[in-house]
Amino acid sequence: MNAPPKTFRVKSFGCQMNVYDGDRIAELLTEQGLASVGDGDDADVVVLNTCHIREKAADKAYSDVGRLKREDGTRPTIALAGCVAQAEGAEAKKRSPMIDIVVGPQAYHRLPQMLAQSALGGRPVDTDMPAISKFASLPERRRANPSAFLTVQEGCDKFCTYCVVPYTRGAEVSRPFADIVAEARRLADVGAREITLLGQNVNAWEHEGRDLADLIRAVAEIHGIERIRYTTSHPADMNEALIAAHADVGKLMPYLHLPVQSGSDSILAAMNRSHSTESYLRTIEKVREARPDMAISGDFIVGFPGETEEDFEATLHIVDEVRYASAYSFKYSPRPGTPAAAMEDQVPGEIMDERLQRLHERIDRHRLAFNRSKVGTRTQLLVERPGRRLGQVIGRSPWLQSVHVESDAPPGTMLDVMLTSAGPNSMSGAVRTAEAA
Ligand code: SAM
Ligand code: SF4
């Protein structure tokens, strides 16, 4: 039997939902009396909260496990959590015998019991998917960053042919309305000024006849919450009520992450995306009618099987049409068990590299143009952290731009600023005095 652990470290990879889960795991272990240690520090327990979306992300988890061996040959108790754990289950322990515990994203509330089993020499695996009972078993939120995440929906029923999420996160499940509002209130009480509602398909959230627009309106009523965001949305679930909320809920920020994945309709059909370029562009038009200053963001996959140069050029074309304020782009990565992995016409790596490079350049051009269009705008900045220099802070604009200003205001402060210059990745601003406000 090993000595009971005293310290822990959680390392999260991948999406914002993993960041949320990582925070909740940390709260759970803290409640058990374990102390959290910093990123580079030695800990008795290390939880690797992994991502399985692309091959590289999954491989990273195993190389991180290998690095946990200490110079004296000992190692911490290692818990593999997140989507790699869910996808690989007990296989993960065969691939890396250093892994003591395997716990899926729906089962991490049972981590304390699993640690106890591990201390007795067990090597537990739990990849059950009970219908989100984990939320009820987690401790109350004790602290929050000024900008906090709140998972409202998990899983996905869309089955895009390239994607592992429906397999690793299970079917679409929405958390109950009252639970979410209670957690949002609590986050406001412990310091959150901004809440980002999270879900794999957040705009598919629904509970007892309410939809995401109703939820946003309820969160907007909470004293202390000044900004609301939500991500990630599916184009097919962007309903009129949600678009209307952008026009009349002042706290709802003018930023929408709406992945299109490709600008080619034949590729979208092969991806099983259930939207076309035309329906996507119509949605963007409506959103901009509701909120003309909306920043649009997206995700793109290049090199999906069968993607021709013409298909790829259609992707460049949609980037120009939408004029994205920001976007993420990825090389297609075949995921075991997904239909696209078995498709013919896999695109060679060099072609993917070259297309990715061209797409990056195009996205960067639009990002810079969007940032420049905001120079001279007076707006509110939510301070998130100190800057690199003394007397400088970094905050977010309503359009999610990272803005540097000269100030020593603490995190959580709302500053009235003038945006003064723009780069591709960040902006600079000047704080306006109270008299000038
Ligand atoms: N639910 C969101 C949607 O429908 O767009 C996306 C969630 S997924 C976790 C995040 C992004 O990862 C996707 O938008 C897609 O661009 C990318 N992605 C998913 N599977 C991928 C794969 N097999 N290869 C490369 N990128 C992938
Ligand atoms: Fe994956 Fe598609 Fe579901 Fe998004 S909608 S999580 S890309 S299957």
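The values are calculated or read from the model by the stated rules, or taken from the named source; none is laboratory data. Computed from a prediction, not measured in an experiment: that's the story for all the values here. A quick note on method: Cβ atoms are made from the backbone with ideal geometry, for glycine too, and the neighbour counts reach across all protein chains shown.
Descriptive notes on the structure:
- Between Ala131, Ala136, Ala81, the distinction of being modelled with pLDDT of 95 or more and either under 24 Å from Glu172 (Cβ atoms) or crowded, with 16+ Cβ neighbours inside 10 Å (or both) belongs to Ala81 only.
- Residues in region 122-145 that are in a loop (DSSP other than H, G, I, E, B), out of contact with any Gly (no Cβ under 6 Å at 6 or more places or on another chain) and polar (S, T, N, Q): Ser133, Asn145.
- Conditions (1) of a type in the set (A, V, I, L, M, F, W, C); (2) in a helix (DSSP H, G or I); (3) surrounded by 21 or more Cβ atoms within 10 Å (Cβ to Cβ); number of the one not met by Val47: (2)
- Scanning region 259-296 for residues that are closer than 30 Å to Ser402 by Cα, hydrophobic (A, V, I, L, M, F, W, C) and away from ligand 1 (no atom under 15 Å from the Cβ) yields a total of 5.
- Filtered residue count, region 58-78, keeping only those that are under 21 Å from Tyr162 (Cα atoms) and crowded, with 18+ Cβ neighbours inside 10 Å: 2
- Residue tally, condition within 11 Å of ligand 2 (Cβ to nearest atom) and β-branched (Val, Ile, Thr), over region 161-190: 4
- For Gln106, the stated conditions hold: it is crowded, with 20+ Cβ neighbours inside 10 Å, under 19 Å from the mean Cα position of the chain (by Cα) and either acidic (Asp, Glu) or in a loop (DSSP other than H, G, I, E, B) (or both).
- Pairs where the first residue, in region 55-73, is modelled with pLDDT under 90 and the second is assigned to a helix (DSSP H, G or I) and of a type in the set (Ser, Thr, Tyr), C-beta under 6 Å, 6+ apart: none
- Looking across region 375-395, the residues that are exposed (fewer than 14 other Cβ atoms within 10 Å of the Cβ) and among the charged types (D, E, K, R) come down to Arg378, Arg385, Arg388, Arg389.
- Selection within region 146-183 - out of contact with any Lys or Arg (no Cβ under 6 Å at 6 or more places or on another chain), assigned to a loop (DSSP other than H, G, I, E, B) and either more than 15 Å from ligand 1 (Cβ to nearest atom) or more than 30 Å from Ala342 (Cβ to Cβ) (or both): Arg175, Pro176
- Test for His257: is it within 12 Å of ligand 2 (Cβ to nearest atom) and either among the small types (Gly, Ala, Ser) or more than 21 Å from the chain's Cα centre (by Cα) (or both): no
- Of the set (1) surrounded by fewer than 20 Cβ atoms within 10 Å (Cβ to Cβ); (2) modelled with pLDDT of 95 or more; (3) closer than 22 Å to Pro339 by Cβ, all apply to Ala244 but (3).
- Residue check, Asp353 assigned to a loop (DSSP other than H, G, I, E, B) and surrounded by fewer than 17 Cβ atoms within 10 Å (Cβ to Cβ): no
- Only one of Ile216, Ile301, Ile195, Ile228 that is of a type in the set (A, V, I, L, M), closer than 30 Å to Pro348 by Cα and surrounded by 20 or more Cβ atoms within 10 Å (Cβ to Cβ): Ile301
- When region 356-390 is filtered for residues that are assigned to a loop (DSSP other than H, G, I, E, B) and modelled with pLDDT of 95 or more, the ones remaining, listed by number, are Lys374, Val375, Gly376, Thr377.
- Pair list, Cβ < 6 Å and 6+ apart or interchain, from region 144-158 residues that are in contact (Cβ under 8 Å) with a residue 24 or more places away in the chain and within 11 Å of ligand 2 (Cβ to nearest atom) to residues that are among the β-branched types (Val, Ile, Thr) and assigned to a strand (DSSP E or B): Glu154/Val173; Gly155/Val173
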